[in-house]
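Chemist: Please find one structure pasted underneath; my questions will follow.
The values are calculated or read from the model by the stated rules, or taken from the named source; none is laboratory data. From a predicted model like this one, the values you see are computed outputs, not experimental measurements. Don't worry about glycine lacking a Cβ; one is built from the backbone with ideal geometry, like all the others, and counts go over all protein chains shown.
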Amino acid sequence: MKHVGQSYNKVDSKAILSGKPAYTADFLPPNALVIKVLRSPHAMAEILDIDTSAALKVPGVEAVFTYKDVPKTRFTLAGQSYPEPSQYDALILDKWVRYVGDEVALVVAKDEKTALRAMPLIKVTYDVKEPVLDLRTAMDHPTVVHPEPEEEVVFNVPFKHDLKRNIAVSYDKTVGDIEGSLAKCKYTVEGEYFDQATVQSAMESFRSFCYIDHLDRLVITSSTQIVFHVRRHIARALGIPSSKIRVIKPRIGGGFGSKQTACTELMNAFVTWKLGKPSAIIYDRHEANGCSTTRHARLWNIRLGADEEGYIRVIDMYGLTDAGAHATHAFTTTTAGEHKSVPLYNKNWAVRYGSDCLYTNHSPGGAFRGYGATEALWPLECAVSCLAHKMGWDEMELRDKNLIQTGEHSLVFEEEERMNAGTYKESLARVRAMSDWDNRPKSWDIDGRWRGGLGVALALQGSGVANVDVASVEIRLGDDGCYTLYTGSSDMGMGANTVLSQIACEVLGCPFEDMNIYESDTDVVPFDPGSYASSTTYVTGTAAKLAAEDLRKKIIAAFASFFGVKEDQVVFDGLVGSTLDGTQSMTIKEMAPKLVLGTSCNQLSGFATWGSDISPSPFMATVAEVKVDTQTGRVVPVRTYNVVDCGKVINPKLAKVQVEGGVTQAIGMALYEDVRYGKTGVLETNNFMTYKVPTRQDNGYIVTEFVESNEPSGAFGVKSIGEIVINTASPAIHNAILNAVGADVRTLPMTPEKVYMAMDDQYKK
């Protein structure tokens, strides 16, 4: 039976459409205590005293916890494999508050109403400090965001930092002579670019509940992408063995990287472990937007140089990165951008990629789809188009001439590292044809008010974290002849469970409906790092293929045993096993119950663990068509043409949805979304009235095609698709606006005001 390459509906689509209970809050214990968080009104302050006595007198209040009550073991909330490359700089509650909305106290009560009644009765005395709110002045600011002794902060992975200077991470990789090479270039461009913090804006906010089971173990159910990492964080923070903790993820209403960070879970776990009673915590939208993590804001300075023949010889990128209050994912998002940006154009004499990631009194930066690549590709792809303009070259031609090819070595690669299989030139040619790039003007009048423009951008991404992400999958044959696949990956709505089922069914040859899937329960499923870093299809999918192959061998061996022949004399088509001579046959559903009955029973299961020493690069090329209102500067996306090489496409329907979702988020980043703070550090965009996310009416038409390649290391030739899809639309829209009206807006979002102010005077109406 053919499953790979087929457009199946998601395995859970009927349940979603029917409104069946499926999400964390649907399963809350009826007796669960409610946790509400008292939050700091100050961006930076030391708590001198907390008086909780009045709050504790409110009937129905079970407890009020402060920094005095929690363990003093520091940890990271970043969802990463151990040892985490993020410093342990957080406590469950801290005497220092580092952003407006930071946790001060936990009010535990019989219901939400009671908790909210008690909260204003808590009296807190603060020593308010001058906050660090400007990225440009954060380094060596008089206020130290993390004044605790440095020996309290654990660094599992050595990297440059200086807490006293507010430097969470310092990274710089230079290969070759930058200044000397620039001097040899005929054409150079230089510019400062800013990509803002953005909120993941998942439909389901952060939430979890806890209880103590009959074995005195802590059980936590959470909307998370990282069940095994959450278990490890809780174990460290509470000082209890991981074996005493069970983490379960039901359905997630979106994550996009935000739920790769533990948010509510540790507070929830502490309360239940302390009181021995069930408890629950659910963030409202204000908390979800302002008291979790965002994409890191980055201020870039970029220089490019090209020779007379049109080869880009120098790429020099340096950025200041806003880590926020904690260095959650700071190191890895800083470094991830390097391998996804600099190698894109590979005719260099010299390259530099560096960033100082700085602590500030903003909410912490964290994981967001694209994970560092999105931020780095924005200035690079804008600058490449500016370079093309200065050279008098076509933007597409310049990119085509310099694009990396399969088998090539980049200056930022390790010595033996090479670009893996990909259809980079072919994908670029396809988007060129789709958009009719060669036969259309790049700038034109639509009418007396509107002007149109075309812009292009390219991107690379990775597939899992090389030498780190390792997934295990088990597949069991049940006594009814159907299968159950057990995985620790997290389906967040993208159809990961469907894709894993297709891969397993392809190997086993069984009908799609015969495969069940159970995910994200640390007591039941084998280890998986979770769904992030575009790892599910490539890493977990390959493990699923290997597990299915292991099970298929065992099934054939079982048929051989029943038939009394050697294994090489058995043919199995997924439904029926038979001997080569056709004299004996048995269906899988007839054999399955025989395997679990009697003293010699042997239920069959396949198991595999797999990781990769490479992170294969998917590729995406986008042409954006926009129209610009010359009276107001308003930008309207008309079409985005997208071509993606993600290796073998397992499910074209779901892959297309991934592209459409990622492009939509990129449009939001380009034109609408803005994490904006006031002068005192108050987040002014903490709800959907003030934080604008694009709707279907804002997207225009999203046109998508795939140009497949074959990645030898991945199951059936797969690479990833989840993150690459957000990387191109923002710079492509910038380049389209630049072509349409001459507005070179280098700070995101490109609002009407910015576009109009930067517009060439000849176009202003």
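Chemist: Find the residue count for region 666-715, including only residues that are under 30 Å from THR609 (Cα atoms), out of contact with any strand residue (DSSP E or B) (no Cβ under 8 Å at 6 or more places or on another chain) and crowded, with 20+ Cβ neighbours inside 10 Å.
Modeler: Taking region 666-715 as the starting set, the residues that turn out to be under 30 Å from THR609 (Cα atoms) are 706-715.
Remaining after also requiring out of contact with any strand residue (DSSP E or B) (no Cβ under 8 Å at 6 or more places or on another chain): 712-713, 715.
Remaining after also requiring crowded, with 20+ Cβ neighbours inside 10 Å: 715.
Count: 1.
Chemist: Among the residues in region 296-307, are any closer than 16 Å to THR198 by Cα, within 16 Å of the chain's Cα centre (by Cα) and modelled with pLDDT of 95 or more? Quick ask: steps written out before the conclusion?
Modeler: Residues of region 296-307 that are closer than 16 Å to THR198 by Cα, as a first pass: 296-299.
Subsequent filtering for residues that are within 16 Å of the chain's Cα centre (by Cα) retains 296-297.
Those still in the list that are modelled with pLDDT of 95 or more too: 296-297.
Yes, some residue in region 296-307 is closer than 16 Å to THR198 by Cα, within 16 Å of the chain's Cα centre (by Cα) and modelled with pLDDT of 95 or more.
Chemist: Looking at (1) more than 24 Å from ILE733 (Cβ to Cβ); (2) surrounded by 24 or more Cβ atoms within 10 Å (Cβ to Cβ); (3) touching a Pro at 6+ places or on another chain (Cβ under 8 Å), which one does PRO278 not meet, given that it meets all the others?
Modeler: The failed condition is (2).
Chemist: For GLU148, are the conditions met, namely being in a loop (DSSP other than H, G, I, E, B) and surrounded by fewer than 16 Cβ atoms within 10 Å (Cβ to Cβ)? Talk me through it step by step, then tell me what you get.
Modeler: Working: in a loop (DSSP other than H, G, I, E, B): yes; surrounded by fewer than 16 Cβ atoms within 10 Å (Cβ to Cβ): yes.
The answer is yes for GLU148.
Chemist: I'd like to check something: does region 51-58 contain any residue that is of a type outside the set (D, E, K, R), at pLDDT below 95, in contact with a Ser or Thr (Cβ under 9 Å, 6 or more places away or on another chain) and surrounded by fewer than 18 Cβ atoms within 10 Å (Cβ to Cβ)?
Modeler: The answer is no; no qualifying residue exists.
Chemist: Inside region 15-70, can you point out the residues that are of a type in the set (S, T, N, Q), over 17 Å from LEU121 (Cβ atoms) and outside any loop (DSSP other than H, G, I, E, B)?
Modeler: SER18, THR24, listed by residue number.
Chemist: On to the next question. Where the second residue is assigned to a helix (DSSP H, G or I) and the first is outside the structural domain of THR76 (by TED's automatic domain parsing) and lies in region 234-248, which pairs have Cβ atoms under 9 Å and are six or more apart or on separate chains?
Modeler: Hits for this filter: zero, empty list.
Chemist: When you scan region 225-264, how many residues do you find that are crowded, with 24+ Cβ neighbours inside 10 Å, β-branched (Val, Ile, Thr) and within 20 Å of TYR88 (Cα to Cα)?
Modeler: 6
Chemist: Of the conditions (1) without any contact (Cβ under 8 Å) to a residue 60 or more places away in the chain; (2) part of a loop (DSSP other than H, G, I, E, B); (3) among the polar types (S, T, N, Q), SER615 clears all except one; give me its number.
Modeler: The failed condition is (1).
Chemist: For a quick check of your reading of the model, give me the residue pairs whose first member lies in region 487-499 and is under 17 Å from VAL718 (Cα atoms) and in contact (Cβ under 8 Å) with a residue 60 or more places away in the chain, whose second is among the aliphatic types (A, V, I, L, M) and crowded, with 24+ Cβ neighbours inside 10 Å, with beta-carbon atoms closer than 6 Å and at least 6 apart or on different chains.
Modeler: Close Cβ pairs (under 6 Å, with a partner that is among the aliphatic types (A, V, I, L, M) and crowded, with 24+ Cβ neighbours inside 10 Å) amount to VAL499/ILE650.
Chemist: I'd like to verify a number: residues in region 568-593 that are under 21 Å from MET515 (Cβ atoms) and either among the charged types (D, E, K, R) or part of a helix (DSSP H, G or I) (or both), how many?
Modeler: Looking only at region 568-593, we keep the residues that are under 21 Å from MET515 (Cβ atoms), and these are 572-577, 586-593.
Add one more test, that the residue is either among the charged types (D, E, K, R) or part of a helix (DSSP H, G or I) (or both), and what stays is 573, 588-593.
Number of matching residues: 7.
Chemist: Please work out if SER535 is outside the structural domain of TRP450 (by TED's automatic domain parsing) and modelled with pLDDT of 95 or more.
Modeler: no
Chemist: I'm trying to understand the selection: among the residues of region 520-534, which are surrounded by 24 or more Cβ atoms within 10 Å (Cβ to Cβ) and in contact with a Ser or Thr (Cβ under 7 Å, 6 or more places away or on another chain)?
Modeler: SER520, ASP528, PRO529, GLY530, SER531, SER534
Chemist: Ok, one more. Looking at THR609, is it over 30 Å from GLN762 (Cα atoms) and more than 34 Å from the chain's Cα centre (by Cα)? Can you show your working first?
Modeler: Working: over 30 Å from GLN762 (Cα atoms): yes; more than 34 Å from the chain's Cα centre (by Cα): no.
For THR609, the condition - over 30 Å from GLN762 (Cα atoms) and more than 34 Å from the chain's Cα centre (by Cα) - is not met.
Chemist: Within region 560-567, is there a residue that is in contact with a Ser or Thr (Cβ under 7 Å, 6 or more places away or on another chain), buried (at least 16 other Cβ atoms within 10 Å of the Cβ) and either assigned by TED's automatic domain parsing to the domain that holds VAL745 or part of a strand (DSSP E or B) (or both)? Walk me through how you get there before you give the answer.
Modeler: Of region 560-567, the ones in contact with a Ser or Thr (Cβ under 7 Å, 6 or more places away or on another chain) are 563, 565.
Remaining after also requiring buried (at least 16 other Cβ atoms within 10 Å of the Cβ): 563, 565.
Now restrict to residues that are either assigned by TED's automatic domain parsing to the domain that holds VAL745 or part of a strand (DSSP E or B) (or both): none.
The answer is no, given that none of the residues of region 560-567 is in contact with a Ser or Thr (Cβ under 7 Å, 6 or more places away or on another chain), buried (at least 16 other Cβ atoms within 10 Å of the Cβ) and either assigned by TED's automatic domain parsing to the domain that holds VAL745 or part of a strand (DSSP E or B) (or both).
Chemist: Please name all residue pairs, on different chains or six or more residues apart, with Cβ atoms under 6 Å, provided the first residue is in region 465-477 and is in a strand (DSSP E or B) and the second residue is surrounded by fewer than 19 Cβ atoms within 10 Å (Cβ to Cβ).
Modeler: SER472/PRO526; SER472/PHE527; SER472/THR609; GLU474/PRO526; GLU474/SER605; GLU474/PHE607; ARG476/THR484; ARG476/SER605
Chemist: Considering only region 343-374, how many residues are part of a loop (DSSP other than H, G, I, E, B) and farther than 25 Å from GLU46 by Cβ?
Modeler: Step one: filter region 343-374 for residues part of a loop (DSSP other than H, G, I, E, B), giving 346-349, 360-364, 366-372.
Filter again for farther than 25 Å from GLU46 by Cβ, leaving 346-349, 367-372.
So the count comes out to 10.
Chemist: To continue, here is another question. Going by what's in this entry, would ARG303 be described as out of contact with any helix residue (DSSP H, G or I) (no Cβ under 8 Å at 6 or more places or on another chain), touching a residue at least 12 places away in the same chain (Cβ under 8 Å) and farther than 26 Å from PRO616 by Cβ? Please lay out each step first, then the result.
Modeler: On the way: out of contact with any helix residue (DSSP H, G or I) (no Cβ under 8 Å at 6 or more places or on another chain): no; touching a residue at least 12 places away in the same chain (Cβ under 8 Å): yes; farther than 26 Å from PRO616 by Cβ: yes.
Against the criterion (out of contact with any helix residue (DSSP H, G or I) (no Cβ under 8 Å at 6 or more places or on another chain), touching a residue at least 12 places away in the same chain (Cβ under 8 Å) and farther than 26 Å from PRO616 by Cβ), ARG303 does not qualify.
Chemist: Right, something else. Would region 735-750 turn up any residue that is among the hydroxyl-bearing types (Ser, Thr, Tyr) and in contact with a Gly (Cβ under 7 Å, 6 or more places away or on another chain)? Step through it out loud before you land on a result.
Modeler: So the first thing to find is which residues in region 735-750 are among the hydroxyl-bearing types (Ser, Thr, Tyr), and the list is 747.
Restricting the remaining residues to those that are in contact with a Gly (Cβ under 7 Å, 6 or more places away or on another chain) gives none.
Within region 735-750, none of the residues are among the hydroxyl-bearing types (Ser, Thr, Tyr) and in contact with a Gly (Cβ under 7 Å, 6 or more places away or on another chain).
Chemist: Search region 118-144 for residues that are among the hydroxyl-bearing types (Ser, Thr, Tyr) and in a loop (DSSP other than H, G, I, E, B) and pair each with any residue that is surrounded by fewer than 17 Cβ atoms within 10 Å (Cβ to Cβ) and at pLDDT 95 or above when their beta-carbon atoms are under 7 Å apart and the residues are at least 6 apart or on different chains.
Modeler: THR143/GLU130
Chemist: Whether any residue in region 383-391 is surrounded by fewer than 22 Cβ atoms within 10 Å (Cβ to Cβ), in contact (Cβ under 8 Å) with a residue 12 or more places away in the chain, hydroxyl-bearing (Ser, Thr, Tyr) and out of contact with any Cys (no Cβ under 6 Å at 6 or more places or on another chain) is what I want to check.
Modeler: Looking for residues that are surrounded by fewer than 22 Cβ atoms within 10 Å (Cβ to Cβ), in contact (Cβ under 8 Å) with a residue 12 or more places away in the chain, hydroxyl-bearing (Ser, Thr, Tyr) and out of contact with any Cys (no Cβ under 6 Å at 6 or more places or on another chain), one finds none in region 383-391, hence no.
Chemist: Pull up region 408-427, narrow it to residues that are under 25 Å from the mean Cα position of the chain (by Cα) and in a helix (DSSP H, G or I), then point me to the one that is nearest to VAL703 (Cα to Cα).
Modeler: Applying the filter and picking the extreme gives SER427.
Chemist: Out of curiosity, is PRO749 under 18 Å from ALA373 (Cα atoms), in a loop (DSSP other than H, G, I, E, B) and assigned by TED's automatic domain parsing to the domain that holds PRO379? Give the steps one after another, and end with the answer.
Modeler: Details: under 18 Å from ALA373 (Cα atoms): yes; in a loop (DSSP other than H, G, I, E, B): yes; assigned by TED's automatic domain parsing to the domain that holds PRO379: yes.
It is true that PRO749 is under 18 Å from ALA373 (Cα atoms), in a loop (DSSP other than H, G, I, E, B) and assigned by TED's automatic domain parsing to the domain that holds PRO379.
Chemist: So, one more: Check SER435, SER443 and return the single one that is assigned by TED's automatic domain parsing to the domain that holds GLY337 and buried (at least 21 other Cβ atoms within 10 Å of the Cβ). Show your work before the answer.
Modeler: Numbers: SER443 fails: buried (at least 21 other Cβ atoms within 10 Å of the Cβ).
The unique qualifying residue is SER435.
Chemist: Tell me, which residue of region 48-68 that is charged (D, E, K, R) and farther than 19 Å from LYS95 by Cα is nearest to the chain's Cα centre (by Cα)? Steps first, please.
Modeler: Taking region 48-68 and keeping what is charged (D, E, K, R), we get 49, 51, 57, 62, 68.
Imposing the further condition that a residue be farther than 19 Å from LYS95 by Cα reduces the set to 57, 62.
Details: LYS57: 44, GLU62: 37 Å.
The qualifying residue nearest to the chain's Cα centre (by Cα) is GLU62.
Chemist: Follow-up question, since we're still on this one. Looking only at region 156-176, which residues are at pLDDT below 95 and crowded, with 16+ Cβ neighbours inside 10 Å? Don't jump to the end; show me each part of the working.
Modeler: The first filter runs over region 156-176 and keeps only residues at pLDDT below 95, leaving 156-159.
Across region 156-176, the qualifying residue is only PHE159.
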